[in-house]
Amino acid sequence: MEHKNLILDLLEDVSTLKKIIGQHEMEITSLKNSINYLSVGLEQSNLNEHSEENDGSGKTRVSTLKSIIYCIEKFNLILKDVPNAKVRKTRRAENCDVIINTPNNVIQIRVFTSKSYSNDHAGGWHRISKSKVSDINVFIIEFKDNYSAFILTKDELIDLMSHKLKDSLDLYHFYFNIKNDANGKLLLTEERDGIVSASDFFENWTLINNFIN
């Protein structure tokens, strides 16, 4: 009889233990769901943080997030042999899109993205304020799922701005174009306030070397 009671007590304890475990499993599941929700929210927040309508063509809003990742990959490739160089995406409070840390320097980078306003060639329409100018400024044009870039230092961009007119919102407009002339010669220009050559800025990713040497 004592053995039977003992077995019944053990079964009751096992049943109670299962209930406790079940409650904890529910709590763990709820916690996992909360973590997933927060992760999705953070990802969306980061997406919104780096999303802005840089072209004025009336096209769909362009997210700069993919462009930022593209730039990070480009700079990582160039800096792969530089000891302790780190390239990372930033948060809003850091007032830029990408930061490169090296043992001797911290380089801030702005990324401006535009879908091509032309269906015939890569032509971007970027609008920026002077307060957005950073150490390095990358103007990305998305054309037929491909990226092209014009890359300027702070001094180069400010010099280019000095020949431009601001709009009523204190924004400067840039029309970077990549096209061929009648003879097939590649033309790299900025054409918003008069046509100027932009060939020195085109795909100039190695510009970063001037900041770390």
- Query: Alpha carbon centre of segment 145-213 versus segment 103-133: separation in Å?
  - Reply: 9 Å
- Go through Lys132/Lys166; Lys80/Lys154; Lys115/Lys154; Lys66/Lys115; Lys66/Lys179 and tell me which ones have a Cα-Cα distance over 18 Å in this structure. Lys80/Lys154; Lys115/Lys154; Lys66/Lys179
- Figure the gain on full extension for Ser199 and Asn146 (residue separation times 0.36 nm, minus the Cα-Cα span) and round it to one decimal in nm. 17.2 nm
- Message: Starting from 0.36 nm per residue, how many nanometres of slack lie between Lys179 and Lys130 once their C-alpha separation is accounted for?
- Response: 14.9 nm
- Roll a 1.4 Å probe over the protein heavy atoms and report the accessible area of Thr206 in Å², nearest 10. 80 Å²
- Note on the structure: So Lys154 and Ile212, fully extended at 0.36 nm per residue minus their Cα-Cα distance, gain in nm 19.3 nm
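The values are calculated or read from the model by the stated rules, or taken from the named source; none is laboratory data. On a predicted model such as this, the values are computed, not experimentally measured, just so you know. Please note that ligands, DNA and RNA were not included when accessible areas were found on the heavy atoms of the full protein model with its side chains. Shrake-Rupley method; radii C 1.70, N 1.55, O 1.52, S 1.80 Å.
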